[in-house]
Each structure stands twice: as C-alpha cells, then as structure tokens.
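The structure is given below, and queries will be raised subsequently.
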Amino acid sequence: MLAAVRTFAKSWVAAVLIGLLIVSFAVFGIHDVFKGGVSNAVVTAGSRKVTEPEFKREFDNFRKGAEQQVGQPITNEMAAANGLDTRVLNEVATREAFGEMLSKIGIKPSDSLITRELQKIPAFFDQVSGRFDKALYASRLNENGLTPASFEKIMRDQVAESHLASAMANGLRVPRAYTALGAIYGLESRDVGYFTIDPRAVAPPALPTDAQLLQLMKENAAALTRPEFRILSVVHFSPAMISANLPIDPAELQKRYEFRKDTLSKPETRSLVQVPVKDAASAQAVAARLAKGEDPAAIAKSLGVDAISYADKPRTAIADPKVGQAAFTLPAGQIAPVKGDLGFAVIRVSKITPGQSVTLEQIRPQLEAELRKDAAAEKVYEMSQAYDDAHGGGANLLESAKKANVPVFPIGPVSEQGAGPQGQPVSGINPKLLKTAFSLPQGGESEVEEAGNGEFYAVRVEKIIPKAMPPLAEVKPQLVRVWMMREMVKRLQTKADELAARVKKGESLEAVAASVGGRVGHATGIDRQNAGQNKVLSRDALIKAFGVKTGEVYTAEATSFGLIVAKLEAVRAPSGPTLARITEESRPQMTEATFREIQADAQKAAATLVKVKTYPNNARTALGLEPLEPKKDAKTSKTEKAK
C-alpha cells in the first residue's frame, strides 16, 4: 500500500500539483531579506524571526508534553542529550518557512477573519456576560507567555494552512487504478505446501574442543566481555533513617495544627444558580419569576444572558465576592437579588452541605509525620555539614563519617549500569551516585552530593575491576550449548538446501518429504491481513511466502526448532465484487496519504525557496545549555544544504 502511495507521489499528477506551487513561488517571488547578523534569532525565514524567548516557550510546551507521556520529569539537559532540542528546532524552522511561503504567494487571512475566529474561543469569554472579553484575552495569553500579536500570528498561520489544505484536498482524488493495486496487494491470498526437517533428520555434531570454544569466545568478545566493576564505600544521609526515632514536641504539634486546620477541614459547600441582570428593577422581576417556578436557564435566555450554576462549591469558588457572601447567608430554597462587584444578579440556593472541622486527634498521625520529616531533614543537613567540615579538614571518608555519626555502607562490585557480576540489580544506589563513583579514580572520594528528596551521599572508590573476558572454565557449559546449537542449525540448513534442490529439479514435494520421514502440510488462503493469526507457519516462512513467485521453492524457520522446505503452490487475486468494493472504500484513505506526502514535499520546497536558517547555539542558549560550536552557529536547512 505504501509503495503504491509513494509511486503516485512521484507520478505526473503529483508533479503537476507541486509544480503549481513552485510556479506560484516564481510569480510572487521569494527573497532572502535578512542581510547581516541577528542577535538573538533562533530561526529566520524570510521576513520571519523566532527569538530565543519564543523558542524557549515552544520547547517548554513540547517538553511538558513529553513528560506527560513518559510519566517523569525531563530536564533540558536530558532532552538535549536525546536530540529533542534539534527536533523542536527543525519543526519550528519548517513551520516558519511554510508560513512565509504561504504569505509570499498571497494566502493571507484578513484581519476581520482572524477577529471572528478569536471571538469563537470559549477561553476568552467573560463568565458573566458570555461574550468575548479583551482584558481576559490579554490576561490568558500573558499566563502562557504570549502577546496578542504573537498569538494572532499563530492563528494566521493555522488559518492560512487550513485554507490551502482544504483547497488542495477537495480537488485531489487518486486514480482508481492506484487503489485497485493496493486492494489486490492487500487481499491476494497464497497457498503454501511444506514439510518440516527436525534435528532427527541429521547426524548430531561432536562436542567442541577447547580450541573451538576459544575461537567462539573470540568471535563474540564484545558480548562476553564483562564491564568494569567498582567496589564502593558509601555514606548515605537520609531522613528516612532518622525520622522514626525523633520525639515530637507537643507545643510544635499544637502550633502546626493551628496553622493547618483550616486547609485540612472541609468547608461548607452550596449549590446555587445565578442569573445576571442589568439593574435592580430587572432583579426584582427575575426574582418574582424564579419564585413562580420558572426555569433559571429559560429566564436567562429571555434576557440574552446565560445562567451560571454552581454545584457543591465553596464560597471561594463564586466569582463575585458579594454574590458569594449573599449566597452563603441564605437558607436552602431561598431567592434573593444581589448587587455584586460585577453587577446585579439574582441567586437561588438549592442545596447546603455543612462544613466539617478537623480535630487534632483526627490528623495527629499526619502532623506528627510532617514534624518528624521536617526535623529529620534538618538533622540530616546538620550531619552532612559535620561530615563536610571533617572531610574538608583532611579526614578521609571513614573518619569523616565517624565524626558525623553516620554509617558507611559497602556496595559492589557494581557496573556503571547498576548491575552486579551476575546481572542482578545492586541495591542502595541511584544513577547520580553511580555517575559520581565512575568519575573517580581508585581511592578517590567525592564531596557531599545532593541526591534529591532531602538526601545526600558521599562515595569512595575502594577498588576498580577492569573490563575482562571471563575464563573459559567459567562459561564453558554455556558456550558448549551455543556451539552445539549453531552447528546443528548449520547441518539442518545444509540438509534443507539439498532437499529444496531436489524439489526444484522436478521431484514432488511429497516424495522428497517421504525420503526423510516427513509429511507434507498445506497452508491455504494466507493473505496479508490474516497472516498474523497463522499458527502453522513461522513469521520467517510467511514473510518469504509473500516474496516468491508461484512454483518457487524456499527454506525457512519452522515454528519449533527446525527448518521447513516450502513451495508456493498458488496465488489467488480477490474476486471482482470484493475488489471493486475495497477499491472504492480505500480511495479516501489513499488520497489522504497522498496529500500528506505532497504537503511534506511542499514544506521541503518552502524551506529551500525561503532559505530558512537555524541557529543551534542560540537555541541552546535559550534553554540554558552550553553552545556546541561557539564560532559556527548559522545553519541553512537540510533541504538548502542538499541543494
């Protein structure tokens, strides 16, 4: 299917569509307008420039999305180490180049269109009036590091790209022949005849000599070489090791309770409805209608406003403080007009849920745990300072730990990946400690380092065990098994090749199978959609079945240890009605896939014609990272380089 799509993308139809874009570029013109240097540009594309603060905002949004996906924090250093900064930089450059191209060829949304689109966004609506609020609009943008100008630029680009995409997609429909080929490719079925060759069909290999095993070790030296190990002494300062034994001061407990009881108590909540009105007379009229049982939403609609409902909300959740004060003094079922800070309103209280005050005894365990944690953190800091003072005065790790009254733990042997000699995880370590330990020489000691969560550590490298191959005697049983398995596979393959050659020369599959005590099986009706559910043939055999012609013979892995000799007996195309139905059903999807490829090519063309430039070092500076190449910063796009 993808092959067919790519073929179409290279056809005259796609060429004409892309050609129309290129002609537009030539007619309207694209010029390199930035002559001379730019101080804080991360991307320049014609008249457009992305500054360091703008790039940082984009990168931070991308990083936050990545954090949600992986479920853990990602620092800028970690992101850069994994190439995320480069990825965001390239995406921003492509977007800006495409936006500049659309502007150059005359696709520019009008100011009135952008205004209409902005006024449709609910986040900018006033809660009381239900209308677009300019002040709220500016405030919400500021909260997200945007200005009205920058946000409206984003809106213009999105609207322009949407209009171009709609115009192109509405007029694009791939030829029926392309989807027919895709349907044939996906629905054709194949019949395979085969027989299995298991280890009983060949003589077992002799046990290997030590020389053969040593040669096997040499061939697999990279896999067999053991990593460097280190034996460590670690001083660990942890609040968890101290907090359980710390006493609680009753006075401090009472003080903490007084400070926290309001936040830990459950406030009174109420359910109510609020109808905004223009003046006191309107408020009286609405109150009378509510008293008669009219629906608040219907009343509000008749006044051209929206009723505001609060369900089980505390007083602080009500936007207008005076309305909140009035609502929390009314009995349930009562109606009252109110002159609030935001204007007149009528409220009706439907439900009251009393608040609950928490007692000291109810939250004693929680508060005691907090006090112990705080005291333990302070104690740990004091101990780490005492250790640091002793170590700074010339004492070694053991002497410093003794003066600070903290234990020393032996750890290791441990690899840089945190594993022991048998591959098992080693407890009592973390990635930061390992990084420190593997940066020191033998006998080297670190200063006190912060491990996070109020913990600290110091480490000494007692011994370094260099990388080395294990002795033959230690791994001989495993090597013998590997060698015997490898030799058996070689013999099975040789036998399978001999039997396949006989079939190719004209002997029947049944006769050749019988010569080794095998029986021919048949797998029929295999297509690309149901191949994954086939339990008779291995994945290797199925893949090869779709790569040969009718009558061809091949060998492949069996589902158990062994090989098969197989022959493709038939290839069946889908029936006429089925083919016609799938051809039409898949046409929209193939059209969409084709459009995406054309759009990607248009974006590449934009990067070339606009001569977009990126400044990786400025991007790193925006993220608080060290520049990679201080003397060379400006880079043209990949497409520009290729040109």
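Can you run phi through the Karplus equation (6.51, -1.76, 1.60; θ = phi - 60°) for the stretch 530-542 and list ³J(HN,Hα) in whole Hz, with x for Gly and Pro?
Those phi angles translate into 9, 4, x, 8, 6, 9, 7, 9, 6, 4, 4, 5, 5 Hz.
Got a sec? Charge dipole of the chain, +1 on Cβ for Lys and Arg, -1 for Asp and Glu; which of L492, M241, P205 is way out at the positive end?
About the Cα centre, the residue reaching furthest to the positive side is L492.
Hey, another quick one. Quick one: compute the contact order of the chain, relative version, from alpha carbon pairs under 8 angstrom and 6+ residues apart, as a percent.
Taking the mean separation of contacting Cα pairs over the length of the chain, I get 25 percent.
With N set to the residue count of the stretch 266-353, report its C-alpha Rg divided by 2.2 N^0.38 Å to two decimal places.
Working: Rg = 11.9 Å, N = 88, 2.2 N^0.38 = 12.1 Å.
The value comes to 0.98.
Here's something else I'd like to know. From the helices alone, meaning DSSP H stretches of at least four residues, give me the mean residue ellipticity at 222 nm for the chain, per-run term -39500 (n - 2.57), in deg cm²/dmol to the nearest 500.
It lands at -15500 deg cm²/dmol.
Still on this structure, I have one more. Please report the spacing between the Cα centers of the stretch 439-481 and the stretch 248-308 in Å, no decimals.
Each part reduced to its Cα centre gives a spacing of 63 Å.
Mind checking the dipole of the stretch 266-353: about its Cα centre, +1 per Lys or Arg Cβ, -1 per Asp or Glu Cβ, Debye to the nearest 20?
Magnitude of the dipole: close to 140 debye.
Follow-up question, since we're still on this one. Let's see if you can work this out: charge +1 on each Lys and Arg Cβ, -1 on each Asp and Glu Cβ, no other charges. What is the dipole magnitude of the chain about its Cα centre, in debye to the nearest 20?
1940 debye
Taking the stretch 322-378, how much of its Cα-Cα pair set, in percent, is spaced more than 16 angstrom apart? Before the final figure, lay out the partial values.
On the way: 995 of 1596 pairs.
Roughly 62 percent, rounded to a whole number.
A further question follows. Among the listed pairs K255/K322; K504/K544; K104/K604; K49/K604; K266/K339, which have their C-alpha atoms separated by more than 21 angstrom in this model?
K255/K322; K266/K339
Run through the stretch 476-550 and list the trypsin sites (Lys or Arg not before Pro) located in a DSSP loop whose Cβ has at most 12 other Cβ atoms within 10 Å. Don't skip to the answer; put the middle values down first.
Details: sites: R481, R486, K490, R491, K495, R502, K504, K505, R519, R528, K535, R539, K544, K549; in loops: K505, R519, R528, K535, K549.
Sparse-neighbourhood loop trypsin sites (Lys or Arg not before Pro): K505, R519, K535, K549.
Let me ask you something else. Looking at the chain, do any whole DSSP H helices span at least 18 angstrom along their long axis by alpha carbon and average -1.0 or above on Kyte-Doolittle, and which?
12-28, 84-104, 148-170, 360-392, 472-504, 587-610
A further question on this structure: Throw me the Rg/Rh for the stretch 446-548, computed over C-alpha atoms with Kirkwood Rh, two decimals.
1.35
Next up: Among the lysines, select those whose C-alpha is under 26 Å from the C-alpha of K432, and discard any that sit fewer than 8 residues away in the same chain.
K64, K373, K379, K402, K403, K463, K467
How big is the charge dipole of the stretch 539-616 about its Cα centre, in debye rounded to the nearest 20, if each Lys and Arg gets +1 on its Cβ and each Asp and Glu gets -1 on its Cβ? Let's see the in-between values first.
On the way: 11 positive and 9 negative charges, 57 e Å.
Around 280 debye, computed over the stretch 539-616.
What percent does the relative contact order of the stretch 266-353 come to when contacts are Cα pairs within less than 8 Å and at least six residues apart?
For the stretch 266-353, the relative contact order is 45 percent.
Right, here's the next one. What are the semi-axes of the equivalent ellipsoid for the chain, taken as the square roots of 5 times the Cα gyration tensor eigenvalues, largest first, in whole Å?
Equivalent ellipsoid semi-axes, largest first: 59, 48, 32 Å.
Are there any trypsin sites (Lys or Arg not before Pro) in the stretch 367-472 that are in a DSSP loop and have at most 12 other Cβ atoms within 10 Å? List them by number.
Numbers: sites: R372, K373, K379, K402, K403, K432, K435, R460, K463, K467; in loops: K467.
Those satisfying the criteria are K467.
Only the coordinates and a few stated rules stand behind these numbers; no lab work does. Worth saying up front: this structure is predicted, and the values here are computed from it rather than measured. Don't worry about glycine lacking a Cβ; one is built from the backbone with ideal geometry, like all the others, and counts go over all protein chains shown.
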